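Visitor: Pasting a structure below so you can have a look.
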Amino acid sequence: MSSTSTAPHAAAPEANVQGVASGSSFYAAMRILPREQRDAMFYIYSFCRQVDDIADSDGPRPERLKALDQWRRDIDALYAGKPPQHLCDYVPSVKRFGLRREDFIAIIDGMEMDVPADIRAPDARTLDLYCDRVASAVGRLSVRVFGLGEEDGILLAHHLGRALQLTNILRDIDEDAGIGRLYLPRESLNAAGIMSNDPLVVASDPRLPRACEGILKQARDHFAKSNDIMARNSRRVVRAPKIMSEYYHAILEKLVERGFALPRKPVRLSKAAKIFILIRYAFI
């Protein structure tokens, strides 16, 4: 994976992810950005996609750990001024937007948390660390591209990253259970009277809705705080994260409307709903 060229020319980051992301909230939100910002965001997306694919593959765990460690060495080489060939085109974006090495490394560390053994009912502290690494670290790279000030940028990355990731966790309970993973925290499960950490057992437990209540409240709180941050910044600067926030907040509320008891139908936003959000926030 780490030896594959991801960006052979200036337009490559967008071209390489368009096929997998063109129908996603990410693609729609990033397409509205000016060219330099858009390219930087697609480089970030490409990086995240590749390390996530390693973590989620069905290859032997030692091989996946080795591949992620190679990515760490590649990022170190990038910041040492000796980028491997597949990261050479990242250099201008890294320099132009001041992207930080530690955020790329944090993302790799977060993906690696799924590799030695599948995550199953982590304690709340571990879950928060996971969310920081796989979501808020991506946000810390992104807000630099968007042009937010340092303090509000870090705060927005913290709150919006967690809001999006907790929404993913609530949305994907059944999908995650199918691959042996369970991200609901142990404390929430135990408070609901669920002592098992078996993903399929938990997913079918009638007490699951109660176990989801705390995560739902946290997600809503993070959305509210991120909205406060975006409200005090230029609309042009925050329009891309605002579109992402609106997409995911709408998914969260649809999850609430559906409920968490069996049977649970998959929740998605309609194309019309996505277009409405895009039109509302994309244009100044």
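Visitor: Can you give the relative contact order of the range 37-124 as a percent, counting alpha carbon pairs under 8 Å and 6+ residues apart?
Guide: Numbers: 53 pairs, mean separation 31.9, N = 88.
Relative contact order comes out at 36 percent.
Visitor: Between residue 95 and residue 191, what is 0.36 nm times their sequence separation minus the Cα-Cα distance? Round to one decimal in nm.
Guide: Between residue 95 and residue 191, full extension yields an extra 29.8 nm.
Visitor: Please give the helix 35-56 orientation as an angle from the longest Cα principal axis of the chain, in degrees from 0 to 90, rounded to the nearest 10.
Guide: Compared with the principal axis, the helix lies near 50 degrees.
Visitor: Quick one: plug the Kirkwood hydrodynamic radius of the chain (C-alpha pairs) into Stokes-Einstein at 10 °C, 1.306 mPa s, and report D in µm²/s. Let's see the in-between values first.
Guide: Working: Rh = 19.6 Å.
It comes out at roughly 81 µm²/s.
Visitor: Between the range 147-169 and the range 229-284, what's the alpha-carbon centroid distance in Å?
Guide: 15
Visitor: Let me ask something else. Identify all aspartates and glutamates with a Cα-Cα distance to residue 242 below 20 Å; exclude those on the same chain that are fewer than 8 residues away in sequence.
Guide: Result set, ordered by chain and number: 36, 39, 132, 150, 151, 152, 221, 228, 253.
Visitor: Report, in whole Å, the centroid distance computed from the Cα atoms of the range 104-127 and the range 41-91.
Guide: 17
Visitor: Any idea what diffusion coefficient the range 78-162 gets from Stokes-Einstein, in µm²/s, Kirkwood Rh on alpha carbon pairs, 37 °C, 0.692 mPa s? Can you show the working numbers first?
Guide: Working: Rh = 13.9 Å.
Result for D is 236 µm²/s.
Visitor: Once the Cβ-Cβ distance between residue 198 and residue 273 is put in as r, and R0 is 30 Å, what FRET efficiency do you end up with, to the nearest 0.05? Write down the numbers at each step before the final one.
Guide: Details: r = 35 Å, r/R0 = 1.17.
For R0 = 30 Å, the calculated efficiency reads 0.30.
Visitor: Another one. Using a probe of 1.4 angstrom, how much of the accessible area of the range 26-283 is carbon and sulfur, in percent? Don't skip to the answer; put the middle values down first.
Guide: On the way: 6350 of 12010 Å².
Of the solvent-accessible surface of the range 26-283, carbon and sulfur hold 53 percent.
Visitor: Still on this structure, I have one more. At a Förster radius of 45 Å, what calculated FRET efficiency corresponds to the Cβ-Cβ distance of residue 117 and residue 221, to the nearest 0.05?
Guide: Working: r = 30 Å, r/R0 = 0.67.
Plugging the Cβ-Cβ distance into 1/(1 + (r/R0)^6) gives 0.90.
The values are calculated or read from the model by the stated rules, or taken from the named source; none is laboratory data. Remember, it's a predicted structure, so these values are computed and weren't measured experimentally. Please note: Cβ atoms are built from the backbone with ideal geometry, for glycine as well, and neighbour counts cover all protein chains shown. These area figures cover heavy atoms from the full protein model, side chains too; ligands, DNA and RNA do not enter into them. Shrake-Rupley method; radii C 1.70, N 1.55, O 1.52, S 1.80 Å.
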